[in-house]
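> Starting off with a structure, shown below.
The values are calculated or read from the model by the stated rules, or taken from the named source; none is laboratory data. Given the structure is predicted, the values throughout are model-derived calculations rather than measurements. The accessibility values were calculated without ligands, DNA or RNA, using every heavy atom of the protein model including side chains. Shrake-Rupley method; radii C 1.70, N 1.55, O 1.52, S 1.80 Å.
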Amino acid sequence: MRYFAVFFFFFVTSFAFAQDTKISATVINDNTLLPLADVSVINLNKVKGTTTNASGYFELVAEVNDTLHISTLGYKSIKVRVTNDWFKTKSTKIKMTEKAYALEEVVINQYNLTGYLEIDYKIIPIKENFRYSISGLSQGYEMGRYSPGAFSKVVGSIFNPADMLYNFFGKKPTELKRLKEMKKDDAVKNLLASKFDRETLGALLGVTPNEIAEILERCNYSEAFIKTANDLQIMDAINECYEEYKILKGKK
């Protein structure tokens, strides 16, 4: 009986530790100390996400030394490291600072239209880009000027070791594995679908927004797509380019 009790205790303890541990905290404004709702919180290590409720409260699966990326519109995004103390206290508060925006000058270009379609269509510039579809999305997007050369720069990157695309895809296997993990978490997908600044996506992949733009240029995506697509579409585009890269590299 004693051995059974010891075995049962060991089994219960092991099962408890095998479960995903969660942390909790409240996100507040560092000036007013009021709670912030709908703040996006992503565990960069586990690629899991959530949002704060009306009271600024959230719970998320995490372990010690995991990094959380916390962001919301109008506030400076922050990264927070999970420590042992976080699991011991139930009143952790995270402060966020509001951004200071400066209005920029807006320039409007005027087109002197005549009202005649035959004449006006020659005045307004039209970008002739090849349209393509991304898996999982119902809408098509522009790629390059001509479709036959869609992956010419990917091929070039394979045979040119100094190419930025080669360096990125070749040296960041861990980050690129996260591309598929991102699609499995609804909170992460919804966040990326609502973002256009590349900040959260950059944090997940370990690159800067400028590097993301350069990656897409090397994959021959159009400037219009790079500037207007949301982060979820950008993520899918990088994933497709990476998959094509692996196929072409395997044939090298």
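> Would you kindly calculate the translational diffusion coefficient of the stretch 20-94, applying Stokes-Einstein with the Kirkwood radius from alpha carbon pairs, for 10 °C and a viscosity of 1.306 mPa s, and quote it in µm² s⁻¹ without decimals?
Translational diffusion coefficient: 129 µm²/s.
> What whole-number value in Å² describes the accessible area per residue of the stretch 20-94 for a 1.4 Å probe? Provide the component values of the computation, followed by the final result.
Working: 3960 Å² over 75 residues.
Per residue, the stretch 20-94 has 53 Å² of solvent-accessible surface.
> Which sequence of Arg218, Arg81, Arg198, Arg178 reflects their accessible areas, 1.4 Å probe, from the largest down?
Values: Arg218 70, Arg81 135, Arg198 20, Arg178 45 Å².
Ranked from most to least accessible, the order is Arg81, Arg218, Arg178, Arg198.
> Measure off, as a whole percent, the carbon and sulfur share of the 1.4 Å-probe accessible area of the stretch 20-94, all protein chains present.
On the way: 1860 of 3960 Å².
Solvent-exposed carbon and sulfur of the stretch 20-94 make up 47 percent of the total.
> In the stretch 20-94, how many lysine pairs have Cα atoms under 19 Å apart, counting only pairs 8 or more places apart or on different chains?
The number of close lysine pairs in the stretch 20-94 is 10.
> Keeping all protein chains in the complex and leaving out DNA, RNA and ligands, what accessible area do you get for Asp30 with a 1.4 Å probe, in Å² to the nearest 10?
60
> Ok, one more. Please turn the phi angles of the stretch 54-64 into ³J(HN,Hα) values with the Karplus equation 6.51 cos²θ - 1.76 cosθ + 1.60 (θ = phi - 60°), one per residue in order, whole Hz, x for glycine and proline.
Couplings: 4, 9, x, 8, 8, 10, 7, 5, 6, 10, 4 Hz.
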